[in-house]
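Here, each number is a calculation from the coordinates, and none is a lab measurement. Please read these numbers as outputs of a predicted model, since none were measured by experiment. All Cβ positions, even for glycine, are placed from backbone atoms using ideal geometry, and neighbour counts span all protein chains on display.
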Amino acid sequence: MIIGTGGIVKDAHLPAYQKAGFPVVGVFDINAERARAIKEEFGLDRTFESLEETVSQAPLEAVFDIAVPASAISDILPHLPDDAGVLIQKPMGEDLEEARSIRELCHGKRLKAAINFQLRYAPYMLAARSLIEQGAIGEVHDMEVRVTVGLPWNLWTWLEHIPRVEILYHSIHYLDLIRSFLGDPQRVYAKTVKHPKMRNLASTRSNIILDYGDTVRANVTTNHGHEFGLRHQESYVKWEGTKGAIKVRMGLLMNYPKGEPDYFEYCVLEEAKKHPTWQSVPLEGSWYPDAFIGTMASLLRYIEGSSAELATCVDDAYKTMALVEAAYESSARGGIEV
């Protein structure tokens, strides 16, 4: 059961579920015309006329996929059946107070609830995690995310005039990803700023440094206002370890929404070789839609009992939201005058 039929559902949720063979009972959206269009495009059985009808006519073991703006999540959760399975599109509310309320609602209703931090499950992220867990690049001491692209923010008009944009709706993916690899940082230093040509948006560019002590460097740098073509666009995550390095290009964000090819490369230092050599590995799938299979599959396995872990459960997602909140607080406080 999908609640909300915006662009993310059309571009990622439904293509992912069709690819994985996950049956979709139906969809509901307050925009009934959009819901009917989605139903026809994906050959779904039905749409629902209201949230109450969606819940009352859901099969007993239905999983609810909530894909609505963050401000609407707390209004929907009380209507769901107790003990239901729920996948909630990120972010987990618009700020930490809302995240806390969502967590309490989920606990109070005993919901098996996860937040859709799907970047963790992109094929290239799974490949990187596998190499790192095998010890292929040694001890990871550096993780960097850099995004310099021309994102067409006009595709999401509902983001206009809200107080938080870039970190809450985009860099949150990278903060969650870094947490999943390195754990929780000790501190965060951040600055997020507007673009002079995008005055309706709160911010579209951010610098975020995560403090993991004296030997580990982790940072996120994003600029979504690079309007100068593909030549110098960048969109990558890089890990460096004591024995090697991994770099992946997230092609989806470049030339969006068309996207560019992904790349997965790694380098393992060998004493017998004088010069480091990078190897390219072709991978099937991408962030959209394949990573969305991962978050739903993780929840389904947890509900059926075949997995004891729910990696993006609301309790873990709350920690990502706390990191987002800390980044905004750091940005507001400002730096040290010189």
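Compared with the alpha-carbon gap, the fully stretched path from Ser56 to Phe228 is longer by 56.8 nm at 0.36 nm per residue.
Modelled this way, with points 7 Å down the Cα-to-C-beta line, the labels at Ala322 and Ser280 are 4.3 nm from one another. Between Asp315 and Ala127, full extension at 0.36 nm per residue minus the direct alpha carbon distance yields a gain of 65.1 nm.
Check each of the trypsin sites (Lys or Arg not before Pro) in the stretch 116-198 and keep only those in coil by DSSP with at most 12 other C-beta atoms within 10 angstrom; list them in order.
Lys197
In straight Cα distance, which aspartates and glutamates are under 16 Å from Lys197, not counting same-chain residues fewer than 8 positions off? List returned: Glu160, Glu166, Glu227. Normalising the average separation of contacting C-alpha pairs (under 8 angstrom, six or more residues apart) by the number of residues puts the relative contact order of the chain at 20 percent. Projecting label points 7 angstrom from Cα along Cα→Cβ for Arg187 and Ser307 puts them 3.6 nm apart. Excluding residues fewer than 8 places away in the same chain, name every one of the lysines whose C-alpha is closer than 26 Å to that of Lys39. The reachable lysines, counting only those whose Cα sits under 26 Å from Lys39, are Lys10, Lys19, Lys90, Lys258. Among His173, Val268, Ser280, which residue has its Cα positioned farthest towards the positive end of the charge dipole of the stretch 120-287, with +1 placed on the Cβ of Lys and Arg, -1 on the Cβ of Asp and Glu, and the dipole taken about the Cα centre? Selected residue: His173.
When the chain is treated as a Gaussian network with alpha carbon springs shorter than 10 Å, the biggest mean-square fluctuation among Ile30, Ile293, Ile38 belongs to Ile30. Within the chain, the ratio Rg/Rh, alpha carbon atoms throughout and Rh by Kirkwood, equals 0.97. The GluC sites (Glu not before Pro) of the stretch 34-102 that DSSP puts in a loop, and whose beta carbon has at most 14 other beta carbons within 10 Å, are Glu49, Glu61.
Here the chain is assigned +1 on the Cβ of each Lys and Arg and -1 on the Cβ of each Asp and Glu. Its dipole about the Cα centre then comes out at about 900 debye.
Taken over the stretch 8-49, the alpha-carbon convex hull comes to 60 cubic angstrom per residue.
Here Thr215 and Arg100 are evaluated by their C-beta separation; at R0 = 35 Å the FRET efficiency comes out at 0.60. The DSSP beta bridges internal to the stretch 80-208 are antiparallel in roughly 45% of cases. Each principal axis of the stretch 1-139 carries a Cα extent, and these read 54, 36, 27 Å when sorted largest first. Between Lys238 and Ile336, the contour length at 0.36 nm per residue exceeds the alpha carbon distance by 32.4 nm. Each Lys and Arg contributes +1 and each Asp and Glu -1, all at the Cβ; summed about the Cα centre of the stretch 120-287, the dipole is approximately 540 debye.
Determine which residues of the stretch 219-259 fall in the zone a paramagnetic label at Ala136 would reach in this model, i.e. backbone nitrogen under 15 Å from the point 7 Å along Cα→Cβ. 238-249, by backbone N distance to the label point. Normalised Debye scattering of the stretch 120-287 at q = 0.10, 0.19, 0.21 Å⁻¹ gives log10 I(q)/I(0) of -0.41, -1.28, -1.45, counting only Cα atoms as equal scatterers and leaving out solvent.
Annotation: the antiparallel percentage among DSSP beta bridges lying fully within the stretch 120-287 is about 85.
Please identify the trypsin sites (Lys or Arg not before Pro) of the stretch 217-288 that satisfy two criteria: DSSP loop assignment and at most 10 other Cβ atoms within 10 Å. Which are they?
Numbers: sites: Arg217, Arg231, Lys238, Lys243, Lys247, Arg249, Lys258, Lys273, Lys274; in loops: Arg231, Lys243, Lys258, Lys273, Lys274.
Of the trypsin sites (Lys or Arg not before Pro), the ones in loops of the stretch 217-288 whose Cβ has at most 10 other Cβ atoms within 10 Å are Arg231, Lys258, Lys273, Lys274.
About its Cα centre, the stretch 44-112 has a charge dipole of approximately 280 debye under the convention of +1 per Lys or Arg Cβ and -1 per Asp or Glu Cβ, with nothing else charged. Within the chain, antiparallel bridges make up roughly 65 percent of the DSSP beta bridges whose residues both belong there.
Please give me the summed charge of the neighbours of Gly225: other residues whose Cβ is under 13 Å from its Cβ, Lys and Arg +1, Asp and Glu -1. Its environment carries a net charge of +2.
Taken one residue at a time, the phi angles of the stretch 212-224 give Karplus couplings (6.51, -1.76, 1.60, θ = phi - 60°) of 10, x, 8, 10, 10, 10, 9, 8, 10, 10, 10, 9, 9 Hz. Gly and Pro are set to x.
With a Förster radius of 41 Å applied to the beta-carbon distance between Glu41 and Tyr263, the computed FRET efficiency rounds to 0.85.
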